[in-house]
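The values are calculated or read from the model by the stated rules, or taken from the named source; none is laboratory data. All values derive from a computational prediction rather than experimental measurement. Reconstructed Cβ throughout: ideal geometry from the backbone, glycine too, with neighbour counts over all protein chains shown. Side chains included, ligands, DNA and RNA excluded: accessible areas come from the protein's heavy atoms. Shrake-Rupley method; radii C 1.70, N 1.55, O 1.52, S 1.80 Å.
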Amino acid sequence: VRAPLIIGNWKMNLDVVEAVHLTQQVAVLVRADPPEHAEVVLAPPFVDLRSVASVIAADRLDVGLGAQHANPHESGAHTGEVSVAMLRRLGVAWVLVGHSERRTHYHMDDEAVAATLRAVSAGGLRAVLCVGEDEAVREAGDHGAFVEAQLRSALAGLPVGARESVSVAYEPIWAIGTGRTAQVEQVAEMAGVIRGVLAGFEMGEARVLYGGSVSPANAAELSEGGAMDGFLVGGASLAAESFLAIVRAADGCYAAKR
Ligand code: PGA
């Protein structure tokens, strides 16, 4: 059993002042009742990273810093983009790769996802590879094959030595931001599919997270029955109380399982 990883994906929310405020609130709650096992990561917008990093450092907070995206190129004519090296310099340790919102709204195809995964791990950062099917694929019953293909295409070109830097987040698109969390059985089924593919890449140690309308109300149930190693949290990570409630639920379930 792997210690849980909980990542707050703030998406395009919170300007720098609001981001500092939320980080300070998270700091107060973490200090008051530190999670025993869970690893906690905050993934703010690019423009907030430096200030959030400062709060984490000043408070000596045991919280990691994540970015929501990176460009796979080292430098050059990529207007509006940010490189892995730039993120590393800011103290970023984690990068979300191929979030469904990037894939759907910003034309990030499988090839770009694979290139980004390679660049993130080559740059010494830890990648969270996001996969998940949309509603039509789920209704057709093709979700297992779809997610398997997403995983294979992203992992195929990855050097063997880079595999240990990769975690996977299963995020069914129909559950993201909709309040329609996947059922525990659906999550457990996909955990099996994903673990099967990972085993083929000798990535049995990789953490597999669930994302999609995770909340304090469903986190314990998903932790217990879903066979996941943590959560990628969107909406509920924008308030310190609900985010920490999810962290505690995952932490408690892990402690009980050990
Ligand atoms: P949500 O987002 O928790 O708001 O559904 C999850 C995600 O997209 O990472």
Item to check | Most to least packed among 41-51, 197-207, 91-101 [average Cβ atoms within 10 Å] | outcome: 91-101, 41-51, 197-207
Checklist outcome for this item: With all protein chains present, the chain has a carbon and sulfur share of its accessible area (1.4 Å probe) in percent of 52 percent
Item to check | Listed residues Val247, Ala227, Val147: farthest to the positive end of the dipole of the chain (Cβ charges) | outcome: Val247
Item to check | Of Val92, Leu158, Ala38, farthest towards positive along the dipole that unit charges on Lys, Arg, Asp, Glu beta carbons give the chain | outcome: Val92
Item to check | Accessible area per residue, Å², the chain with all protein chains present, probe 1.4 Å | outcome: 45 Å²
Item to check | Accessible surface of Val128 - all protein chains present, 1.4 Å probe, nearest 10 Å² | outcome: 0 Å²
Checklist entry - For Asp59 and Glu185 in the same chain, what is the full-extension length gain: residue separation times 0.36 nm, less their Cα-Cα distance, in nm? => result 41.4 nm
Checklist entry - Spin-label point model (7 Å from Cα, Cβ direction): what's the Glu36 to Arg163 distance in nm? => result 3.3 nm
Next on the checklist: Helix-only mean residue ellipticity at 222 nm, the chain, DSSP H runs n ≥ 4 weighted -39,500 (n - 2.57), per residue, nearest 500. What is it?
Outcome noted: -13000 deg cm²/dmol
Checklist entry - Using alpha carbon centroids, what distance separates segment 192-248 and segment 143-175, in Å? => result 15 Å
Checklist entry - Based on the mean of other beta carbon atoms within 10 Å per residue, what is the order of 132-144, 3-15, most packed first? => result 3-15, 132-144
Checklist entry - How far apart, in nm, are the 7 Å Cα→Cβ label points at Arg152 and Ser51? => result 4.6 nm
Next on the checklist: Give me the dipole magnitude in Debye, nearest 20, for the chain about the Cα centre, with unit charges on the beta carbon: positive for Lys and Arg, negative for Asp and Glu.
Outcome noted: 640 debye
Checklist outcome for this item: Rounded to whole angstroms and listed largest first, the alpha-carbon spread of segment 53-101 along its three principal axes comes to 37, 25, 14
Checklist entry - Check Gly230: other-chain or 5+ apart residues with amide H under 5 Å from its amide H, H built from backbone geometry? => result Leu5, Tyr210
Checklist entry - Which residue fluctuates the most in the chain, going by a Gaussian network model with Cα springs under 10 Å, if the choices are Leu151, Leu29, Leu209? => result Leu29
Next on the checklist: Amide H of Met108 versus every other amide H placed in the peptide plane: which residues, excluding those fewer than 5 positions away on the same chain, fall under 5 Å?
Outcome noted: Arg103
Next on the checklist: With θ taken as phi - 60° and the coefficients 6.51, -1.76 and 1.60, list the Karplus ³J(HN,Hα) couplings across segment 201-210 in order, rounded to whole Hz; mark glycine and proline as x.
Outcome noted: 9, 6, 10, x, 8, 5, 7, 10, 9, 10
Checklist outcome for this item: The answer for Val95, listing residues at least 5 apart or on another chain whose modeled amide H is closer than 5 Å to its amide H, is Ala67, Arg126, Ala127, Val128
Checklist entry - Once phi is turned into ³J(HN,Hα) by the Karplus curve 6.51 cos²θ - 1.76 cosθ + 1.60 with θ = phi - 60°, what whole-Hz value does each residue of segment 87-98 show in order, with x for glycine and proline? => result 5, 4, 4, 7, x, 6, 10, 10, 9, 6, 10, x
Checklist entry - Could you give me the ³J(HN,Hα) list for segment 219-235, computed from phi with Karplus coefficients 6.51, -1.76, 1.60 and θ = phi - 60°, whole Hz, x at Gly and Pro? => result 5, 5, 4, 5, 5, 6, x, x, 6, 9, 9, x, 9, 9, 10, x, x
Checklist outcome for this item: The correct ranking of Phe146, Phe231 by accessible area at 1.4 Å, largest first, is Phe146, Phe231
